[in-house]
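The values are calculated or read from the model by the stated rules, or taken from the named source; none is laboratory data. Everything quoted here is computed from the prediction, not taken from an experiment. No Cβ is skipped: glycine too gets one built from the backbone with ideal geometry, and neighbour counts run over all protein chains shown. Quick note on the areas: whole protein, heavy atoms, side chains included, nothing else; ligands and nucleic acids left out. Shrake-Rupley method; radii C 1.70, N 1.55, O 1.52, S 1.80 Å.
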Amino acid sequence: MCGRFNLYSNIDILLDQFELINGDMFEILPRFNIAPSQDVLAVIEGEDGRRGGYLRWGLIPSWANDPKIGYKMINARAETIHEKPSFKRLLARRRCLVIADGFYEWKKDGNKKQPFHIFLKDKQPFAFAGLWDRWIQAGEIIQTCTIITTEANELMADIHDRMPVILTKESERQWLDRKIQDEDQLKSLLIPYDSTAMDIYPISEFVNSPRNEGIEILNSL
């Protein structure tokens, strides 16, 4: 699964790497402990190019009666998104990138869980594959997203059996391309990232509480 991540790259790097055309319309503050129900930086393909903005993490389907369902929908399994009512229609029409510099996962060690920081070896920001939706009720509008997960690669397998889908540059392009709606083609992009391009190290339990923030979270043990 993916339940916590970080994003601290300079806005100029993000604008260039993800080809955003509206960088003057939002602010990016360094975050080291992003948690479900918080706002995350996402990218969608607009009529005139890629646009960045914030979505609440935890998908609320447009048809939901209670927005609290979002707390249970922070992740979507790649293997079943074409079947689940909450995700099936979004796969064709509402795909997004969720931007990160790294993410966290916990390995069970007896009665304890050891947190790890996982990132790309080149230390560049990257994109999770995501889906988004818009919930409207009684004049209230909430735009939310979920992060898609897949089976773990060799790096992650010793820690957890799932990992977030990290897209390559080419798969980012296809994922955002609104002309592509074929389920098989889209699902072919939702595969484990190359483990040789990733790195990992243990960090302190300070990350366990989403109330804790700061670059010290990234300190290695």
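Ignoring lysines fewer than eight residues from K123 along the same chain, the ones with Cα atoms less than 29 angstrom from its Cα are K107, K108, K112, K113, K169, K187. Residues of the stretch 118-141 with backbone nitrogen within less than 16 Å of a virtual label 7 Å along the Cα-to-Cβ line of W63, please, listed as ranges. It comes to 133-136, nothing else.
Amide H contacts for L131 (H built 1.01 Å from N in the peptide plane; partners 5 or more residues away or on another chain; cut-off under 5 Å): C96, T146, I148. Shape class for the stretch 108-190: oblate, because the ratio a/c of the largest to smallest gyration tensor axis (alpha-carbon atoms, square roots of eigenvalues) is 1.5 or more and b/c is at least a/b. Residue by residue, the stretch 83-93 carries 3J(HN,Hα) couplings of 10, 6, x, 5, 10, 3, 6, 6, 4, 7, 10 Hz when phi is fed to the Karplus relation 6.51 cos²θ - 1.76 cosθ + 1.60 (θ = phi - 60°); x denotes Gly or Pro.
Could you order peptides 108-117, 37-46 by the average number of other Cβ atoms within 10 Å of their residues, highest first? Intermediate results must be reported in sequence, preceding the final value.
Working: 108-117: 13.0, 37-46: 18.1.
Top of the packing list down: 37-46, 108-117.
Once backbone amide H atoms are built at 1.01 Å from N, G102 has N6 as its partners under 5 Å, excluding neighbours fewer than 5 places away on the same chain. Using a ≥ b ≥ c from the Cα gyration tensor of the chain (square roots of the eigenvalues), is it rounded, prolate or oblate, where a/c under 1.5 gives rounded and otherwise the larger of a/b and b/c decides, a/b for prolate? Note, shape of the chain comes out rounded.
For the chain, the solvent-accessible area works out to 50 Å² per residue, with a probe of 1.4 Å and every protein chain left in place. Between amide H atoms placed 1.01 Å from N, distances below 5 Å from N22 occur with G52, all of them 5 or more places distant or on a separate chain.
With r as the distance between the Cβ atoms of R178 and Q124 and R0 = 25 Å, compute the FRET efficiency 1/(1 + (r/R0)^6) and round to 0.05. Walk me through the numbers on the way to the answer.
Working: r = 26 Å, r/R0 = 1.03.
Computed FRET efficiency for Q124 and R178 comes out at 0.45.
If I take R0 = 35 Å and measure r between the Cβ atoms of D158 and K88 in this structure, what FRET efficiency does the formula 1/(1 + (r/R0)^6) give, to the nearest 0.05? My answer for the efficiency is 0.60. Across the stretch 196-206, rounded Karplus estimates of 3J(HN,Hα) from the backbone phi angles (6.51 cos²θ - 1.76 cosθ + 1.60, θ = phi - 60°) give 6, 9, 10, 9, 7, 7, x, 10, 6, 6, 4 Hz, Gly and Pro being marked x. At the residue level, W106 shows approximately 50 square angstrom of accessible surface with a 1.4 angstrom probe and all protein chains present. The mean sequence separation of alpha-carbon pairs under 8 Å and at least six residues apart, normalised by the residue count of the chain, gives a relative contact order of 23 percent.
The apolar share of the surface of the chain, taken as the fraction of accessible area on carbon and sulfur atoms (1.4 Å probe, ligands and nucleic acids excluded), comes to 50 percent. Give a residue-ordered list of calculated ³J(HN,Hα) values for the stretch 118-135 (Karplus: 6.51 cos²θ - 1.76 cosθ + 1.60, θ = phi - 60°; whole Hz; x for Gly, Pro). My calculation for the stretch 118-135 gives 10, 7, 7, 4, 7, 6, 9, x, 8, 10, 7, 6, x, 10, 9, 8, 10, 10 Hz in order. Consider a paramagnetic label point 7 Å from the Cα of A138 along Cα→Cβ; state which residues of the stretch 47-78 have an amide N under 17 Å from it. Inside the label zone: 63-70.
Shape verdict for the stretch 1-127, please, from the Cα gyration tensor: rounded (a/c under 1.5), prolate (a/b greater than b/c) or oblate. Let's see the in-between values first.
Values: a/c = 1.81, a/b = 1.04, b/c = 1.73.
Because a/c hits 1.5 or more and a/b fails to exceed b/c, the stretch 1-127 counts as oblate.
Between A35 and D199, the simple spin-label model (points 7 angstrom out along Cα→Cβ) gives 2.8 nm.
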